[in-house]
Every structure is written in structure tokens, then in C-alpha cells.
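Throughout, read-outs are computed from the coordinates displayed, never taken from laboratory work. Computed from a predicted model, the values in this text were never measured in an experiment. With ideal geometry, Cβ positions are generated from the backbone for all residues, glycine too; neighbour counts draw on all protein chains shown.
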Protein chains: 2
Amino acid sequence: QTASPAVAKPSRLGLCASCHGETGMAVMPGAPNLAGQRLDYLRQALKDYRDGRRDAPVMRAAIGPIGAAELDALARWYSAQAPAAASAP
Amino acid sequence: QTASPAVAKPSRLGLCASCHGETGMAVMPGAPNLAGQRLDYLRQALKDYRDGRRDAPVMRAAIGPIGAAELDALARWYSAQAPAAASAP
């Protein structure tokens, strides 16, 4: 699938995409698909990782001290992507 | 969308469905969509909730002492569902 044109590509997307894919279909075992995920859930998950309420070593390393605008941009990006019909197990 | 016929409906699905929907499109604010999510991720998330490595009050209350077979059935069910094209925010 192609990326949604309605939402600007976040500058920080590259690091996320290395596991979750640029359009939110995961490319790494253990990583979840994010395409079309609910915006409220993605925002909360990113905040929880940033603030240590949710802990996964790779996410702790990847997210760092992310600002509110960047966090919002990433959540909006992935929520706006269309999930692919068949997901790898 | 209709439920996938390839995977048997788990007996315990009702409680999950009250937030995540029967086909994995969330019906409750704050709950993530699970339709088409990667099977390995869903299995790990359920184990993490069951064993306390991941904590969310509603999931702690909902999951209880789930057995391996039930856990696997739920992960397989939601992973096998087709995500709807447009997800509520």
C-alpha cells in the first residue's frame, strides 16, 4: 500500500519504520502493526513509553525524550495509514 | 466485516469483545484495534498482561489466570480478523 497523503510524514519516522514499517505494517518479529490503529491509543502508548509507564527495551531506546509535537505527528501518521489486508504472523 | 471462518471463536471472546470488538475493531475509547495484528505480538501482549510485565488496570482485571490454550485461541482469533479500512479515531 502507499502512504496516506493526508498527513505529513514525520521527520522522525525512519527509526520507527525500521520495525513498524513506514506505513505501519511491521517488518520485525515482535513488533506490532500500527497502520490504522486508533489515534488515542497510539498517543497514549507513546506517552507511556516516553514516561516509563510502559516498558520495552527497544522502545525505551528508540523513543528518548520525544516532544509533544513529534509524538503527535507519529501517532497521527500511523493512525492515518490503511492496514494491509493480510498481515504476516 | 464478518468474522473469519478459518479460526474457531474462542469461548472467552465475549469479555474481550466488549472493548476490542468481536472482530478486533475497538468499540471503547482507549482500547486498540486488534484485527489483523501480528500473532506473535498478540501472544506476547497477553502473556505480559497475565504475568504482570505489562500493566493496564482493565486488562489486569479482564485477563485473570488465563491458560495457555485460551490465550493462544484469543491471539489466533484476533490475528485472523481482517482490519476494517477506516478506524474510528
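Sort largest first and round to whole Å: the equivalent ellipsoid semi-axes of the protein assembly as shown, each the square root of five times a Cα gyration tensor eigenvalue.
Over the Cα atoms of the protein assembly as shown, the semi-axes work out to 25, 19, 14 Å.
Going 7 Å from Cα along the Cα-Cβ axis for the label, what nanometre distances separate B:Val7 from the same residue across the other copies?
Label point to label point, same position, other copies: 2.4 nm.
Of all the residues in chain A, which one has the C-beta that comes nearest the axis relating A to B, and what is the distance in Å?
Closest Cβ to the A-to-B rotation axis, residue and whole-Å distance: A:Pro83, 2.
What nm distances, shortest first, do you get from the label point of B:Gly67 to those in the other copies when the point sits 7 angstrom along Cα to Cβ?
List, nearest first: 5.4 nm.
Does anything in the range B:23-53 have its amide N under 15 Å from the 7 Å Cα→Cβ label point of B:Arg60, and if so which residues?
Label zone hits: B:48-53.
Okay, which of the range A:22-48 sit inside 18 Å, backbone N to the point 7 Å along the Cα-Cβ direction of B:Arg53?
Label zone hits: A:28-33.
What percentages, rounded to whole numbers, describe P(r) for chain A computed over all alpha carbon pairs with 5 Å bin width beginning at zero?
The calculated distribution, bin by bin, is 3, 15, 26, 29, 18, 7, 2.
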